[in-house]
1. Arranged from highest to lowest average of other beta-carbon atoms within 10 Å per residue, in what order do the peptides 23-36, 299-312 appear?
2. If I model a spin label as a point 7 Å beyond the Cα along the Cα-Cβ vector, how far apart are those points for D236 and A89 in nm?
3. Given the options L379, L65, L328, which has the most mean-square fluctuation in a GNM of the chain, springs set between C-alpha atoms less than 10 angstrom apart?
4. Please turn the phi angles of the range 183-193 into ³J(HN,Hα) values with the Karplus equation 6.51 cos²θ - 1.76 cosθ + 1.60 (θ = phi - 60°), one per residue in order, whole Hz, x for glycine and proline.
5. Under 5 Å between amide hydrogens, which residues at least 5 positions from I169 or on another chain qualify, with H placed 1.01 Å from N in the peptide plane?
6. Apply the a/c threshold of 1.5 to the C-alpha gyration tensor of the range 51-289 and tell me whether it is rounded, prolate or oblate.
7. Counting other beta carbons within 10 Å of each residue's own, what order do H120, H56 fall into, fewest first?
8. Ordered by residue, what ³J(HN,Hα) values in Hz, to whole numbers, does the range 202-209 give under the Karplus form 6.51 cos²θ - 1.76 cosθ + 1.60, where θ = phi - 60° and Gly and Pro are x?
Amino acid sequence: MDTTLSGAGLVTATGTSRAPLHLAGGRIGSRAAKAAFPVDLRDHLVFPGLINAHDHLQVNGVPPLPAHAPFPNSYAWIEAFQRHFSDPAVAAALAIPKQRRLRHGALKNLLAGVTCVAHHDPWHPELDARNFPVALLRGHGWSYTLDGPAYGPPVQASFAATPPSRPWIIHLAEGTDVVAAGELTRLDRLGCLAANSVLVHGVGLGERDIDRVIAVGASVVWCPGSNRRLLGRSLDPRRLHAAGRLAIGSDSRLSGARDLLEEWREESPRGELDSRALLALATSAAARVLRLAGRGGLDPGCTGDMVIVADRGGDEVDSLVGHTRADLRAVVRDGLPRLADPDFAGWFAAAGIETVAVTLDGKAKLLARDLADDDLLALEPGLEPVSPAAPARRRVGGAR
């Protein structure tokens with residue numbers, strides 16, 4: 001389906017422009033398609049679909065560990081969690097079929113405006129489903145950690161098998177002790193630190209380590225919520241961001257924030273990075289770090305993934321950074337609405353997409369029916385099916 005969005009401010013990490021946005025074949029086009037469906041977005045802002053650079057999709061419904069003193073490193077946390085498996089609530093969460101848990105983790109992301117995720121676990125056939133809620137990083141290499149459980153591909157073999165043009169991802173320096181502080185040197189000695197190395201967490205990186213990361217062109221995925229909950233602190237993101245070597249990830253709810261929007265709300269008041277920098281970490285910078293061509297922007301040729309919000313005045317970027325998932329007016333993937341307020345019903349109908357009326361944190365929404373089976377909805381707190389849909393105040397699309 002071809003669509004033309006008109007009247008909105010188009011907001012990216014580099015600035016705001018105002019021009020019609022044409023969607024054709026799942027991508028942003030350079031000109032209006034013949035007989036394109038019109039969507040009037042006056043008083044709205046359009047952002048690129050967000051990129052979550054680190055998540056473990058299948059564990060977003062697993063209860064976290066009870067409150068505790070900060071762990072010195074991730075290996076201590078992993079050991080503690082082995083004992084947590086005896087908790088009946090944990091066992092019940094993990095008894096849910098994995099394919100459903102993967103879809104739940106993906107839906108969690110979509111509800112918060114994330115349209116592409118770097119999933120840091122073994123591949124599963126469910127991830128190839130045509131109606132999987134989000135796009136995924138593909139063709140990359142990964143290992144889990146330098147030490148710890150024998151999980152995932154071996155470090156050196158995985159790195160060697162990954163083409164230099166594709167990212168290779170590993171949890172690294174996830175801690176505040178000497179073990180974490182020594183991991184970058186160990187990785188370098190193994191010959192696995194290069195321009196395509198993507199290091200998740202990096203809390204234990206010292207100033208010289210950051211110098212080395214920047215010098216070789218490697219990158220770090222910052223997961224501040226998870227780091228502060230488990231380790232008591234996070235890395236200082238400023239030097240890596242300034243060098244263009246930083247992206248942001250929410251990790252899973254097992255250790256991190258509810259979603260990427262909550263990560264932003266928690267980090268913004270700290271003042272280490274402003275709202276435009278935080279937006280970049282989940283759009284253009286993430287696309288660069290993960291080598292996701294055609295994502296993270298709103299230029300012709302980019303994938304037609306976007307987030308639409310009301311223009312509330314003031315700083316445009318703050319209309320997304322600092323807000324909740326209930327505030328999002330629409331989430332669009334491959335040029336088609338997947339979640340939106342009820343007054344976008346005409347766009348769904350024109351695209352031939354059946355919807356289910358739901359409430360998201362108490363706000364009426366429409367969700368594409370292929371994402372809304374009852375078992376899946378039941379896994380997500382704050383997402384409830386309703387019938388019938390609340391009447392629309394104003395229909396968006398076509399004549400106003």
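All of the numbers you see were taken from the coordinates with simple rules; none came from a lab. The shown structure was predicted, so the numbers you read here are calculated from the model rather than taken from an experiment. Please note: Cβ atoms are built from the backbone with ideal geometry, for glycine as well, and neighbour counts cover all protein chains shown.
1. The most tightly packed comes first, giving 299-312, 23-36.
2. With each label point 7 Å from Cα toward Cβ, the separation is 3.8 nm.
3. L65
4. My calculation for the range 183-193 gives 6, 5, 4, 4, 4, 4, 5, 6, x, 10, 10 Hz in order.
5. Amide H neighbours of I169, under 5 Å, 5+ apart: G141, W142, S143, V198.
6. rounded
7. H56, H120
8. x, 4, x, 5, x, 4, 5, 4
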